[in-house]
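> Submitted below is the structure of interest, expressed as C-alpha cells.
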Ligand SMILES: Cc1cc2nc3c(=O)[nH]c(=O)nc-3n(C[C@H](O)[C@H](O)[C@H](O)COP(=O)(O)O)c2cc1C
C-alpha cells in the first residue's frame, strides 16, 4: 500500500499533528498548498488532516472537489478542533456537514483536541470568535471561547498511528 499525509490548518495545531503522524508512520507529509497532485492517483491510502473554523473543515472543499478520486482509496480523517469527544453529537455534525457520507463509510475518523491562542489570531478570526461567544448560550462553551486552549499532545495520535500501521502503508517517493 502506498500513501501520504496532507493537511490544512491555520495556526499550527493541525500541522503539528500531521508531522508527528509522519514521524511515527514514516509517511511523507505535505501542506495542501504544496502537495504534488500528480501523486494522488497512485496513492492507495491518504491521511487527511484539517482543522475546523465555524463548523467548516478547512479541507472540505478540496475533499468534495476530489470525491471521485478519493472514493476508491482508504482514508484516515484527522479532525482538529475545540469540540471535545464528550460532545459526540457535535463532532458527528461537523463530520456530516463536511465529508460526503460515502467517504466516511469504511474509513477512519479521529477527532483530536486543538489549540487556541487568542493573542495570535488574525483580527478577523478574533472578531469571529468574540461574536460567536456572544451568541452561544451555554456558559461553559462561552467561557471556553474567551480563553486559550491547548489540547495538542503527541500521545493523542497513538490510536490513529496504530490504525495506519495496521495497513502497512509505504510512502510514495
Ligand atoms: C475563529 C475560530 C472559529 C473556530 N470554530 C470552531 C468550530 O466551529 N468548532 C470547533 O470545534 N472548533 C473551532 N475552532 C477551534 C479550532 O478548530 C482550533 O483552534 C484548532 O486547533 C485550530 O487548528 P489550526 O491551528 O491547525 O488551524 C475555532 C477557532 C477559531 C479561531
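> If I fit a long axis through the Cα atoms of helix 123-135 and take the longest principal axis of the Cα atoms of the chain, what angle between them do I get, 0 to 90°, rounded to 10?
That works out to roughly 60 degrees.
> Just order 2-9, 106-113, 16-23, 36-43 by mean Cβ neighbour count inside 10 Å, highest at the front, would you? Don't skip to the answer; put the middle values down first.
On the way: 2-9: 22.9, 106-113: 17.9, 16-23: 20.1, 36-43: 12.2.
My ranking of the peptides, most packed first, is 2-9, 16-23, 106-113, 36-43.
> Using a cut-off of under 15 Å, list every residue of region 1-29 whose amide N is near the label point 7 Å from the Cα of residue 168 along the Cα-to-beta-carbon line.
Hits in region 1-29 for residue 168 at 15 Å: 1-3.
> How do 171, 83, 14 line up, fewest other C-beta atoms within 10 Å first?
The fewest-first ordering by Cβ neighbours comes to 171, 83, 14.
> What percent does the relative contact order of region 7-78 come to when contacts are Cα pairs within less than 8 Å and at least six residues apart?
Numbers: 71 pairs, mean separation 25.6, N = 72.
36 percent.
> If you don't mind, there's one more thing I want to ask. Indicate the gyration tensor shape class of region 35-109 (rounded, prolate or oblate), computed on the Cα atoms with a ≥ b ≥ c the square roots of the eigenvalues: a/c under 1.5 is rounded; otherwise a/b larger than b/c is prolate and the rest oblate. Before the final figure, lay out each step's value.
Working: a/c = 2.11, a/b = 1.78, b/c = 1.18.
It is prolate, given that a/c is not under 1.5 and a/b is the larger ratio.
> Select from 121, 58, 46 the residue whose mean-square fluctuation is largest in a Gaussian network model of the chain (Cα-Cα springs shorter than 10 Å).
Maximum fluctuation in the GNM of the chain, among the listed residues, is at 121.
> Further question on the same structure: What percent do you get for the relative contact order of the chain when only Cα pairs under 8 Å and 6+ apart count? Please report the intermediate quantities before stating the final value.
Working: 265 pairs, mean separation 48.1, N = 173.
Here the relative contact order equals 28 percent.
> Here is a follow-up. Across the chain, what fraction of all alpha-carbon pairs, as a whole percent, falls in each successive 10 Å bin from zero upward?
For the chain, the pair-distance distribution reads 9, 39, 35, 14, 3.
> What angle, in degrees between 0 and 90 and rounded to the nearest 10, separates the Cα long axis of helix 88-98 from the longest principal axis of the Cα atoms of the chain?
Approximately 60 degrees, to the nearest ten.
> Against the longest principal axis of the chain, how steep is helix 13-25, in degrees 0 to 90 to the nearest 10, with axes from Cα atoms?
Between helix and principal axis, roughly 30 degrees.
> Restricting to the chain, what percent of DSSP beta bridges are antiparallel, rounded to 5?
15
> I'd like to compare 48-55, 89-96, 160-167: which one has the highest average count of other Cβ atoms within 10 Å, and what's the full order after that? Please list the in-between numbers first.
Working: 48-55: 21.0, 89-96: 14.0, 160-167: 15.6.
Going by the mean number of other Cβ atoms within 10 Å, highest first, we get 48-55, 160-167, 89-96.
> Could you work out the helix-only [θ] at 222 nm for the chain, with each DSSP H run of four or more residues adding -39,500 (n - 2.57) and the total divided by the number of residues, to the nearest 500 deg cm²/dmol? Can you show the working numbers first?
On the way: 8 runs with 66 residues, N = 173.
For the chain, the value works out to -10500 deg cm²/dmol.
> Further question on the same structure: Working out 0.36 nm times the residue gap between residue 54 and residue 66, then minus their Cα-Cα distance, what length gain in nm do you get to one decimal? Please list the in-between numbers first.
Numbers: separation 12, 0.36 × 12 = 4.32 nm, distance 2.25 nm.
Taking 0.36 nm per residue and subtracting the Cα distance, the gain is 2.1 nm.
> OK, next. Separation of region 25-44 and region 101-173 by C-alpha centroid, Å?
Region 25-44 and region 101-173 have Cα centres spaced 21 Å from each other.
Here, each number is a calculation from the coordinates, and none is a lab measurement. What you see is a predicted model, and the numbers here were worked out from it, not measured in a lab. All Cβ positions, glycine included, derive from the backbone under ideal geometry; neighbour counts span all protein chains shown.
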